[in-house]
Every structure is written in structure tokens, then in C-alpha cells.
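Asker: Sharing a structure below in C-alpha cells format, with a few things to ask.
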Amino acid sequence: MLRMGLFLAAITLSGCVSFTDAERLLAKDWRYATDSHGSRAIFDGRLVKDGQIDMVFSRVPRLDKANNSWVELIYDIPQRSLEGYESVTVTYQSDRVLIIKLSQRDYGGQGDKSYAHYQVTLPEVDKKTTHTVMLSDFSRPAWTPPWSIDKGAIKAHINALYFVPSLTDKHGGQAQLSISALTLNRK
């Protein structure tokens, strides 16, 4: 009986450890992207270091109508879908407004190529802050082209979250971003 109790206690403790690890940032799930016009992502060593991301984005101004610039930190959802999830909780620090985009194939390179993904904005914060955002609070951006048909936010078609500091097309600029925790929350 005592052995069974110790066995159950070990299973319970091991479950707690794996839950904590689930919130920890794993390097295999994160990457960044910048344009080929000179925008950069700057960080020390590895992108994910000691379980968090600390970086600076430097975005050049948009060159012309055909050549846009961009910077984005990308979380590749391990199960490649948000099916069954209802919210996202992120602990971050950013010296610019932070836009979170739901990368949905219907609006990206495999879809209509508008890149007018559903998104939500979080405020700039000068210390680590945790926000939970309901997926139902995401909406398409005001600049969505009229020819891009809104199919809704289809959770099964969303394979990544993009974290984008609000830097303008006209001026570009720099932004400091840190993310120390991310959790996808089920219903």
C-alpha cells in the first residue's frame, strides 16, 4: 500500500513538472522572419536563451508599393492547429505596441496572399506583463484589401502566432521585445 502511494505521488509530481515545462519557451517552436531589404533581428547567441526571448527588431521603411518591409517573431504551434483552444496567454515586455497575428493559410501564401490575418494588439509595457487574449477578440486589420474574402478565423487552419512590434511602413524603426511565457488555453 505504501509503495502504491509513493508511486501515485511520483506520477502527480511528474505531472506538475511537465505542466511547468509546457509554459517554458522551447527553441524548436520559435523562429523569426525579416524582409530582404535590410530589416534585422538582433539577439545575443540563440533566439531562445534560458527559456525566454530577448531581442531587438530593426525595420527599414517600406521601399515602394511592390517592396514592403517586415519583422516578425514566429511561434510555430506544435500541433499546427488552434482547434480546441479558446485563448492565448503571453508574458512579454515591449517598447512598442505588440500585434499578435493568427497565421491562417486562407490569407497567407497558400491562400489569397493578402496576409490580412486576424490580429489583436497589446499595449507597450516597460516591465514583464501577462495578458490573456480570447481568440474571439482577434479581427482582421483595417488595411485588409476589399478583394480578400473573410472566411472567419478557422482554428484548424491556424498553424502559427506572429508577434510583430508596431513599426510603420513609412518610418520603420527599432523595437525591443521580450517574451518569457506563452500558453495556449483550452476550453
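Asker: Pick out, in residue order, every one of the chymotrypsin sites (Phe, Trp or Tyr not before Pro) in region 103-149 that is DSSP loop and has at most 12 other C-beta atoms within 10 Å; say none if there are none.
Answerer: Trp143, Trp147
Asker: ³J(HN,Hα) across region 39-56 via Karplus (A = 6.51, B = -1.76, C = 1.60, θ = phi - 60°), whole Hz, x for Gly/Pro?
Answerer: For region 39-56, the Karplus-derived couplings read 5, 9, 10, 10, 8, 8, x, 8, 4, 9, 10, 6, x, 8, 10, 10, 8, 10 Hz, x marking Gly and Pro.
Asker: How far is helix 2-23 tilted, in degrees, relative to the longest principal axis of the Cα atoms in the chain, given as a value from 0 to 90 rounded to the nearest 10?
Answerer: 10 degrees
Asker: Could you provide, to the nearest whole Å², the per residue accessible area of the chain with probe 1.4 Å?
Answerer: I get 58 Å² per residue for the chain.
Asker: Here is the link list: Lys49/Lys128; Lys128/Lys155; Lys49/Lys155. Which ones come out longer than 26 Å on Cα distance?
Answerer: Cα-Cα > 26 Å for Lys128/Lys155; Lys49/Lys155; rest within.
Asker: Quick one: pull the percentage of alpha-carbon pairs in the chain with a separation above 23 Å.
Answerer: The proportion of pairs with Cα distances above 23 Å equals 47 percent.
Asker: Which lysines does Lys113 reach when only Cα atoms under 17 Å apart count, and residues fewer than 8 places away in its own chain are ignored?
Answerer: Lys65, Lys101, Lys151
Asker: Also, I was wondering about something else. Taking the alpha-carbon distance from Lys127 and a cut-off under 17 Å, which aspartates and glutamates remain once sequence neighbours fewer than 8 residues away in the same chain are dropped?
Answerer: Asp54, Asp95
Asker: Mind checking which aspartates and glutamates have their Cα closer than 19 Å to the Cα of Lys187? Skip sequence neighbours fewer than 8 apart in that chain.
Answerer: Straight-line reach from Lys187, under 19 Å: Glu23, Glu83, Glu86, Asp137.
Asker: As a test of the formula, what do you get for the chain when each DSSP H run with n ≥ 4 contributes -39,500 (n - 2.57) and the sum is divided by the residue count, at 222 nm and rounded to the nearest 500 deg cm²/dmol?
Answerer: On the way: 1 runs with 22 residues, N = 187.
Roughly -4000 deg cm²/dmol at 222 nm, from the helical runs in the chain.
The values are calculated or read from the model by the stated rules, or taken from the named source; none is laboratory data. Remember, predicted model here, so these are calculated numbers, not experimental data. Quick reminder, even Gly has a Cβ in these numbers, built from the backbone with ideal geometry, and neighbours come from all protein chains shown. Just so you know, the surface numbers come from the protein's heavy atoms only, side chains and all, with ligands and any DNA or RNA stripped out. Shrake-Rupley method; radii C 1.70, N 1.55, O 1.52, S 1.80 Å.
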